[in-house]
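Q: Questions regarding the structure given below will be posed in turn.
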Amino acid sequence: MDFGTHKKRSIEISTIPIINIVFLLLIFFIVQGTLRSTDVLPIDAPVSLSGSAVVTEPLEILIGEDEVILDLELVSDKLLEKRLINILKTDPEAEIMLKADANLNAVRLIEILQLVREAGVKNLYLITSAPI
């Protein structure tokens, strides 16, 4: 019995479906990913149910357990007060944003608030996180 000669078909693996999947995943992660700025000092801000967003770019004070950062620069308590006084000489209505760690000791927060008040800051805002 002769069934004839069989021609061997060449097998090609198409990479187009794989490329499609890779591009779909890439687009998905680009769309779903968020870009946000990170703080120099990792701080977990307390949650607040009330408050409003500030439109201008004020100075920012970050308070950790052992660190105080004023506009991305580590400062001591004395230097913080001096810098705030100098800033307020040029702009008496300067806005200061205070971001303290949610786990920060209340006594430490009050010390910094007193320094800020003694420096003469009139516009002080406490940064909090919105509840999730």
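What follows draws every value from the coordinates through simple rules; no lab data is involved. Only a predicted model underlies this, so the values are computations on that prediction, with no experimental measurement involved. Backbone-built Cβ (ideal geometry, glycine too); neighbour counts: all protein chains shown.
Q: Pop out the ³J(HN,Hα) list for region 100-116 in order, Karplus 6.51 cos²θ - 1.76 cosθ + 1.60 with θ = phi - 60°, rounded to Hz; leave Gly and Pro as x.
A: Ordered by residue, 3J(HN,Hα) equals 10, 5, 5, 9, 5, 4, 4, 4, 5, 4, 5, 4, 5, 4, 5, 4, 5 Hz.
Q: Could the peptides 16-29, 105-118 be put in order, highest first, of the mean number of other beta-carbon atoms found within 10 Å of their residues? Intermediate values should be presented prior to the final figure.
A: Values: 16-29: 9.7, 105-118: 13.1.
Listed from highest to lowest mean packing, they are 105-118, 16-29.
Q: Still on this structure: Could you give me D for region 59-126, from Stokes-Einstein at 37 °C and 0.692 mPa s, where the hydrodynamic radius is the Kirkwood radius over C-alpha pairs? Units µm² s⁻¹, please.
A: The diffusion coefficient I find is 277 µm²/s.
Q: Oh, and also: In straight Cα distance, which lysines are under 21 Å from Lys99, not counting same-chain residues fewer than 8 positions off?
A: Straight-distance partners of Lys99: Lys78, Lys82, Lys122.
Q: Still on this structure: I want the local charge near Val75. Using Cβ-Cβ distances under 11 Å, sum +1 for each Lys or Arg and -1 for each Asp or Glu among the other residues.
A: Numbers: positive: Lys78, Lys82, Arg83; negative: Glu67, Asp71, Glu73, Asp77, Glu81.
Its environment carries a net charge of -2.
Q: OK, next. Would you mind checking which residues have amide H under 5 Å from Ile127's amide H? H placed 1.01 Å from N; only 5 or more apart, or other chain.
A: Close amide H contacts, sequence-distant or interchain: Leu98, Lys99, Ala100.
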